[in-house]
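Everything on this sheet refers to the single structure shown next.
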Amino acid sequence: ISNFKIIESTLREGEQFANAFFDTAKKVEIAKALDAIGVDYLELTSPAASEQSYNDCKTISSLGLKAKILTHVRCHMDDAKLAIDTGVDGLDVVIGTSSYLREFSHGKDMEYITNKAIEVINYIKSKGLEVRFSTEDSFRSDLVDLLSIYKAVDKIGVTRVGIADTVGCANPRQVYELVKTLRSVVSCDIECHFHNDTGCAIANAYAALEAGATHIDTSVLGIGERNGITPLGGLLARMYAGDKEYVKNKYDLTMIREVENIVAEAVEVTVPFNNYITGYCAFTHKAGIHAKAILNNPSTYEILNPQDFGMTRYVSIGHRLTGWNAVKNRVEQLDLDLTDEDAKRVTAKIKELADVRPLSLDDVDTLLRTYHHAKGTGGH
Ligand code: HCA
Ligand code: CU
């Protein structure tokens, strides 16, 4: 799949993360870093949320970034009017349609929702801005209700419709089916938003794109309400695995680490050890069989080329699973004059020691150098 677009919502959904507090300077820094990656859109917190939020929409809209700037508002005329004054390129309008939200949140029926949507969309369009209409909690909404409201807004020329898995309940097959059905009902673009409560957020995004969705919402490190949404880095990894050239040419993948570091520091978390691309072990190879093959041809055990992401590969050798080929490679790096037989002997020694205690690369180097020295002086 190529030709998908990313709506980067760290500055909206991400602000709903438990630890998030972004002052204006931090928002500007994050916006610029995301723009450097080349994300297609930045979505900002509603200007109706607070005075600072309103001012931040203005500030970020006036930075002259390549990314289009969106803000996210409730389906209300007051919010829409306020948002248009901030200079954003478009509005992402949302309203809840599931029985839960209709009963326990806003208390409106489908007819009211549809009429309100049409009014708000027509108004935003009359001001020349992009407008997306989405239904919160789409997967627990009535399918007939959903399709009829999407059809109605498509007919009046909405820019995009959106599906949101607000509670993270959907699985990839359900996503594929819903998007496929929606694709046959509307002609506008389709945006999708997936929460990650059951770990399906990337897979769901991919399934949505396969079914004809055009835009995916992400946030840096996946931060958002509860445990968050589709992470930007993970989605890019997924898309790269499918169409490497397209993704490499369109986005600056080497900037992912920087924006993750900025956001991690701002929200006081560390980048997870097993994070896509940037996790500390994401490009570490350990087992002897893997190490040997990786040294011959990295593609044997790597779907992502670390260089494309500004990362480096690491082959771990100081452990009981090590193999002599990897040890031999270290011998060459250290420029020691040892034969294959020597490397095999030191490997046996490494395994013996590693059964007793963890070894660092330094420990391995010391073993190699000691062996080399002993050999040079004629005794082992
Ligand atoms: C929420 C709103 C939202 C909106 C998604 C969208 C969600 O915080 O409840 O605009 O498509 O997950 O439903 O983030
Ligand atoms: Cu959300």
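For segment 302-331, give me each residue that is under 17 Å from Thr366 (Cα atoms) and in a loop (DSSP other than H, G, I, E, B).
Narrowing segment 302-331 to residues under 17 Å from Thr366 (Cα atoms): 316-320, 322, 324, 326-331.
Ser316, Ile317, Gly318, His319, Arg320, Thr322 - these are the residues of segment 302-331 that are under 17 Å from Thr366 (Cα atoms) and in a loop (DSSP other than H, G, I, E, B).
Of everything in segment 122-146, what is away from ligand 2 (no atom under 16 Å from the Cβ), closer than 27 Å to Asn204 by Cβ, open to solvent by 30 Å² or more (accessible area, probe 1.4 Å) and not acidic (Asp, Glu)? Give them in sequence order.
Across segment 122-146, the qualifying residues are Leu143, Val144.
Of all residues in segment 105-153, which are within 23 Å of Ile84 (Cβ to Cβ) and among the hydrophobic types (A, V, I, L, M, F, W, C)?
Hits for segment 105-153 are Ile113, Ala117, Ile118, Val120, Ile121, Ile124, Leu129, Val131, Phe133, Ile149, Ala152, Val153.
Counting only residues that are in a loop (DSSP other than H, G, I, E, B) and out of contact with any strand residue (DSSP E or B) (no Cβ under 8 Å at 6 or more places or on another chain), how many does segment 287-301 have?
Filtering segment 287-301 for residues in a loop (DSSP other than H, G, I, E, B) gives 287, 297, 301.
Now narrow it down to the ones that are out of contact with any strand residue (DSSP E or B) (no Cβ under 8 Å at 6 or more places or on another chain): 287, 297.
Of the residues in that region, 2 qualify.
Might you let me know whether segment 35-52 holds any residue that is of a type in the set (D, E, K, R), part of a loop (DSSP other than H, G, I, E, B) and out of contact with any Cys (no Cβ under 8 Å at 6 or more places or on another chain)?
If we filter segment 35-52 for residues that are of a type in the set (D, E, K, R), which is where we start, we get 35, 40, 43, 51.
From what is left, the residues that are part of a loop (DSSP other than H, G, I, E, B) are 40.
Of the ones still in play, those that are also out of contact with any Cys (no Cβ under 8 Å at 6 or more places or on another chain) are 40.
Taking every residue of segment 35-52 in turn, at least one turns out to be of a type in the set (D, E, K, R), part of a loop (DSSP other than H, G, I, E, B) and out of contact with any Cys (no Cβ under 8 Å at 6 or more places or on another chain).
Considering only segment 71-105, state which residues are in contact with a Ser or Thr (Cβ under 8 Å, 6 or more places away or on another chain), part of a helix (DSSP H, G or I) and over 22 Å from Ile149 (Cα atoms).
Hit for segment 71-105 is Ala83, nothing else.
Given the residues Asp109, Asp92, Asp35, Asp79, which is the only one that is away from ligand 2 (no atom under 16 Å from the Cβ) and closer than 20 Å to Glu191 by Cα?
On the way: Asp109 fails: closer than 20 Å to Glu191 by Cα; Asp92 fails: away from ligand 2 (no atom under 16 Å from the Cβ); Asp79 fails: closer than 20 Å to Glu191 by Cα.
Going through Asp109, Asp92, Asp35, Asp79 in turn, just one is away from ligand 2 (no atom under 16 Å from the Cβ) and closer than 20 Å to Glu191 by Cα: Asp35.
Do you know which residues across segment 180-206 are open to solvent by 10 Å² or more (accessible area, probe 1.4 Å), part of a helix (DSSP H, G or I) and either within 15 Å of ligand 2 (Cβ to nearest atom) or not polar (S, T, N, Q) (or both)?
Lys180, Arg183, Ile202, Ala203, Tyr206
Checking the condition within 16 Å of Tyr240 (Cβ to Cβ), assigned to a loop (DSSP other than H, G, I, E, B) and open to solvent by 70 Å² or more (accessible area, probe 1.4 Å), which residue from Tyr276, Tyr280 passes? Full working, then the answer.
Working: Tyr280 fails: within 16 Å of Tyr240 (Cβ to Cβ).
Testing whether each residue is within 16 Å of Tyr240 (Cβ to Cβ), assigned to a loop (DSSP other than H, G, I, E, B) and open to solvent by 70 Å² or more (accessible area, probe 1.4 Å) leaves just Tyr276.
Look at Gly90 and say whether it is under 29 Å from the mean Cα position of the chain (by Cα) and surrounded by fewer than 17 Cβ atoms within 10 Å (Cβ to Cβ).
Working: under 29 Å from the mean Cα position of the chain (by Cα): yes; surrounded by fewer than 17 Cβ atoms within 10 Å (Cβ to Cβ): no.
The answer is no for Gly90.
Among the residues that make up segment 324-340, is at least one of them open to solvent by 80 Å² or more (accessible area, probe 1.4 Å), without any contact (Cβ under 8 Å) to a residue 40 or more places away in the chain and of a type in the set (Ser, Thr, Tyr)? Lay out the reasoning, then the answer.
To start, the set of residues in segment 324-340 that are open to solvent by 80 Å² or more (accessible area, probe 1.4 Å) comprises 332-333, 335, 337.
Imposing the further condition that a residue be without any contact (Cβ under 8 Å) to a residue 40 or more places away in the chain reduces the set to 332-333, 335, 337.
Next cut, of a type in the set (Ser, Thr, Tyr) only: none.
For segment 324-340, residues open to solvent by 80 Å² or more (accessible area, probe 1.4 Å), without any contact (Cβ under 8 Å) to a residue 40 or more places away in the chain and of a type in the set (Ser, Thr, Tyr): absent.
For segment 332-366, name all the residues that are assigned to a loop (DSSP other than H, G, I, E, B) and either over 41 Å from the mean Cα position of the chain (by Cα) or of a type in the set (D, E, K, R) (or both). Give the steps one after another, and end with the answer.
Step one: list which residues in segment 332-366 are assigned to a loop (DSSP other than H, G, I, E, B), which gives 334-339, 355-360.
Matches in segment 332-366: Asp335, Leu336, Asp337, Leu338, Thr339, Asp355, Arg357.
Looking for whichever is modelled with pLDDT of 95 or more, small (Gly, Ala, Ser) and near ligand 1 (Cβ under 10 Å from one of its atoms) here; the options are Ala164, Ala170, Ala211, Ala203. Which one fits? I'd like the intermediate steps shown before the answer.
On the way: Ala170 fails: near ligand 1 (Cβ under 10 Å from one of its atoms); Ala211 fails: near ligand 1 (Cβ under 10 Å from one of its atoms); Ala203 fails: near ligand 1 (Cβ under 10 Å from one of its atoms).
So the residue among Ala164, Ala170, Ala211, Ala203 that is modelled with pLDDT of 95 or more, small (Gly, Ala, Ser) and near ligand 1 (Cβ under 10 Å from one of its atoms) is Ala164.
Would you mind finding the one in Asp252, Asp243 that is open to solvent by 40 Å² or more (accessible area, probe 1.4 Å) and within 26 Å of Thr181 (Cα to Cα)? Can you show your working first?
Working: Asp252 fails: within 26 Å of Thr181 (Cα to Cα).
None of the others qualify; the one that does is Asp243.
Does any residue in segment 352-379 that is among the basic types (Lys, Arg) come within less than 9 Å, Cβ to Cβ, of a residue that is in a loop (DSSP other than H, G, I, E, B) six or more places away or on a different chain, and which pairs are these?
Arg369/Leu334; Arg369/Leu336; Lys375/Asp337; Lys375/Leu338
Among the listed residues Glu119, Glu111, identify the single one that is within 23 Å of Leu44 (Cα to Cα) and surrounded by fewer than 19 Cβ atoms within 10 Å (Cβ to Cβ). Break it down stepwise before answering.
Working: Glu111 fails: within 23 Å of Leu44 (Cα to Cα).
Just a single option satisfies the conditions, and that option is Glu119.
Condition check ((1) charged (D, E, K, R); (2) out of contact with any Pro (no Cβ under 9 Å at 6 or more places or on another chain); (3) at pLDDT below 95) across all residues:
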{"site": "Gln16", "(1), (2), (3)": "no, yes, no"}
{"site": "Lys27", "(1), (2), (3)": "yes, yes, no"}
{"site": "Ser53", "(1), (2), (3)": "no, no, no"}
{"site": "Ser61", "(1), (2), (3)": "no, yes, no"}
{"site": "Gly64", "(1), (2), (3)": "no, yes, no"}
{"site": "Ala67", "(1), (2), (3)": "no, yes, no"}
{"site": "Thr86", "(1), (2), (3)": "no, no, no"}
{"site": "Tyr100", "(1), (2), (3)": "no, yes, yes"}
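The values are calculated or read from the model by the stated rules, or taken from the named source; none is laboratory data. As the structure is a computational prediction, the values presented were derived from the model and not from experiment. Backbone-built Cβ (ideal geometry, glycine too); neighbour counts: all protein chains shown. In case anyone asks, the SASA skips ligands and DNA or RNA and just uses the protein heavy atoms, side chains included. Shrake-Rupley method; radii C 1.70, N 1.55, O 1.52, S 1.80 Å.
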